[in-house]
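Each value in this text was obtained by applying a stated rule to the coordinates, not by laboratory testing. Remember, it's a predicted structure, so these values are computed and weren't measured experimentally. All Cβ positions, glycine included, derive from the backbone under ideal geometry; neighbour counts span all protein chains shown.
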Amino acid sequence: MSWLERTELLIQKEGIETLKNAHILIVGLGGVGSYAAEFIARAGVQKLTLVDGDVFDITNVNRQLTALQSTVGKSKAKVLADRLKDINPEIEISIKEQFLTPEMAFEIVTNEFDFVMDCIDSITPKLNLMIAAKRKKVKIISSMGAGGKMDVSKVRVAEIKQTNNCTMARVIRKRLKKEQIHKGIKVVFSEEMQQETSLQLVEHAKYKRSFYGTISFMPAAFGLHAAAYVINYLLKNKKI
């Protein structure tokens, strides 16, 4: 009996083969990325490239799937890879324990990937990944800001130009416009207004000047929407 028996009942053998043969790049393995990667792996995608240069901090425990008291100080990429291999021993995982520099964004995105999942929480690396994907004509979905929000019913997937009530999306829209990129960027965002009282300023942090308070379930909801979009896209555009 296959561990994917229930999945096969839903998407049939053809769908199983489609997902099995897909290769997904997931960049950023925190609150959004850890859940997105697990949903992708449990759906039967058998080839993943995971990118994150960070290690777990105690403050990650409230919202990241693989953040535990026992994993504090350990590599996010390695811990997640081990977990996914425990779900599917046949999964092929490449890990890159690096922070995404502008140069790396353009090197790592290639047409070997069926989809890029941007789960980074800093604007500059996120923007570089989007630009690289657009220039190289690789499909991408990007997670916007899950912080400062608590209503999962307002999470949506849309073109970035259709977003509202999202500070991160507004900033990125302007910067994409300067790059002459006006369409083709799907994002996960929330229409809920951010709670400004939860904003915390940061000093001396690379690529990040501030962050919002975050509840346990919001990053997971963003990861779920991103994974669902990618899986449904792959099944709709079957390539076996």
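The alpha-carbon of Lys161 sits under 18 angstrom from the alpha-carbons of these aspartates and glutamates, leaving out residues fewer than 8 places away in its chain: Asp118, Glu179, Glu191, Glu192. Over the Cα atoms of the chain, the radius of gyration divided by the Kirkwood radius equals 0.95; this is the Rg/Rh ratio. Take the Cα of Gln200, step 7 Å toward its Cβ, do the same at Glu14, and the gap between the two points is 5.0 nm.
Taken over segment 2-115, the percentage of Cα pairs per 5 Å bin, counting from 0 up to the bin with the maximum distance, is 2, 12, 22, 21, 18, 13, 8, 4, 1.
Quote the relative contact order of segment 1-80 in percent (integer), defining contacts as alpha-carbon pairs under 8 Å separated by 6+ residues. Normalised by residue count, the contact order of segment 1-80 is 29 percent.
Cross-link pairs exceeding 30 Å in C-alpha to C-alpha distance, out of Lys149/Lys174; Lys47/Lys137; Lys74/Lys137; Lys154/Lys177, comprise Lys74/Lys137.
May I ask you to derive the relative contact order of the chain, considering only C-alpha pairs under 8 Å and at least 6 residues apart, and to give it as an integer percent?
With pairs under 8 Å counted, the relative contact order is 23 percent.
Measuring max minus min along each principal axis, the C-alpha atoms of segment 110-240 give extents of 48, 31, 24 Å (largest first).
For the chain, modelled as a GNM whose springs connect Cα atoms under 10 angstrom apart, the maximal fluctuation among His225, His182, His23 occurs at His182.
Taking GluC sites (Glu not before Pro) in DSSP loop conformation with at most 16 other Cβ atoms inside 10 Å as exposed sites, the chain has its longest uninterrupted site-free stretch at 1-89.
Of the residues Met1, Met150, Met168, the one with the fewest other Cβ atoms within 10 Å heads the list, and the complete ranking is Met1, Met150, Met168. In the structure shown, the pairs Lys78/Lys126; Lys13/Lys236; Lys76/Lys139 are assessed against 20 Å; a Cα-Cα span above that value is assigned to Lys78/Lys126; Lys76/Lys139. A helix-only calculation puts the chain at -12000 deg cm²/dmol for mean residue ellipticity at 222 nm, using -39500 (n - 2.57) for each DSSP H run of at least four residues, averaged over all residues.
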